[in-house]
Amino acid sequence: MSRNVMVTGTGRASGLGYNLVVRYLELGDNVVATVRKQSDALESLKEKYPERLTILTMDIGSTASVEAAADELKQKMDHLDLLINNAVTVSPDCDKGFFEADLDYIAKTVDVTAVGPMRVIKAFYSLLKKSEMTGLIMNISSEAGSISKCYRTNLIDYGMAKAALNMATMNLVNTFKGDRSINIFCIHPGWIRTDGRADNPAPLSSYEAACILEELFEKRRNDFEGHRFITNEGKDYPF
Ligand SMILES: NC(=O)c1ccc[n+]([C@@H]2O[C@H](COP(=O)([O-])OP(=O)(O)OC[C@H]3O[C@@H](n4cnc5c(N)ncnc54)[C@H](OP(=O)(O)O)[C@@H]3O)[C@@H](O)[C@H]2O)c1
């Protein structure tokens, strides 16, 4: 049975989001790919899959934009089986340490990367509830969002944002408790060459990562008891 899948942050051909879109389309699913702005890569994909790919414009930093996108999608699609919150932003000072970084950048990163997925979940929740499967939400987090495993002195905004996303995930686990029609996880997707550069030492291409994640997500769809922060290898990761 084909699934209705929505992925946020899908406009870059080398990125994980775009490659998740490609993978689900290859498998015969209906895919909603969200972008902030027009993407040539997605427009080309639309020519190949005109019936099954829907491109939706949405800025996850804006509640009004997310709600307008949800209203638009509800005219076209009656349910969602899977929501993948993949979009992320970082500040220009992401690589700097505490004494060098402009701390005023941090709030924007947290707003888009952690509050953004919550806006999306809230606006698209009614479509997930209409899934005939368990409506699944996968928040793409990072090992950098683990507080107990933190070793870095840089990536302050990114780490704080992903830790906040992990907290949001746990809050929603509590909110949905007892409701077996919705399930939610946060996941470290692996170390991936999302910049598409051949000299990037990360072991996985974005496409390889997407194939691994698609299989893992399906295995976890009805797992309501397991740890909520997992890796692309299906292992538990400490918060
Ligand atoms: N690469 C790794 O090894 C690794 C490791 C751990 C976790 N991750 C996670 O994996 C995911 C994918 O990584 P990536 O490098 O492929 O991501 P990316 O390309 O840097 O970002 C994904 C997309 O997010 C979009 N975005 C940014 N701000 C947005 C906003 N306000 N509203 C809507 N969309 C917005 C961007 O859109 P524009 O194209 O318009 O800018 C971009 O296309 C991220 O969540 C990342 O944190 C990656």
Cα to Cα, under 17 Å, and not fewer than 8 places away if on the same chain: which aspartates and glutamates meet these conditions relative to K96? D104, D157
Candidate cut points under GluC sites (Glu not before Pro) in region 83-166, DSSP loop plus at most 11 other Cβ atoms within 10 Å of their own Cβ, are E100, E132
Which order do peptides 147-154, 192-199 fall in by mean Cβ count within 10 Å, highest first? 192-199, 147-154
For region 2-105, I need the span (max minus min coordinate) of the C-alpha atoms along each principal axis, in Å, sorted largest to smallest. 51, 28, 23
Sum -39500 (n - 2.57) across every DSSP H segment of at least 4 residues in the chain, then divide by the residue count to get the 222 nm mean residue ellipticity, nearest 500. -11000 deg cm²/dmol
Name the aspartates and glutamates eligible as straight-distance cross-link partners of K37: C-alpha to C-alpha under 20 Å, and not fewer than 8 places from it in the same chain. E47, D59, E67, D71, E72, D111, D195
FRET efficiency, E47 to S148 (Cβ-Cβ, R0 41 Å, nearest 0.05): 0.30
Beta bridge orientation in the chain: antiparallel %, DSSP, nearest 5: 5
Ratio of the Cα radius of gyration of region 4-231 to 2.2 N^0.38 Å, where N counts its residues: 0.97
With each label point set 7 Å from Cα along the Cα-Cβ vector, what nm distance links M1 and N200? 3.5
Can you list the DSSP H helices in the chain whose Cα atoms extend at least 27 Å along the helix axis and whose mean Kyte-Doolittle hydropathy is -1.0 or higher? 156-175
Which of the peptides 17-26, 228-237 is most tightly packed, and how do the rest follow, going by the mean number of other Cβ atoms within 10 Å of each residue? 17-26, 228-237
Looking at this model, which pairs from K46/K129; K108/K177; K48/K76; K46/K76; K129/K235 are more than 22 angstrom apart at the alpha-carbon? K46/K129; K108/K177; K129/K235
What relative contact order, as a whole-number percentage, does the chain give when Cα pairs under 8 Å and 6 or more residues apart are counted? 19
Just grab the label-to-label distance for D223 and K108, each label 7 Å out from Cα along the Cβ direction, in nm (one decimal). 3.7
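Computed from the coordinates by the stated procedures, all read-outs in this text should not be read as laboratory data. Computed from a prediction, not measured in an experiment: that's the story for all the values here. Because the Cβ atoms are built from the backbone with ideal geometry, glycine has one as well, and the counts that use them run over all protein chains shown.
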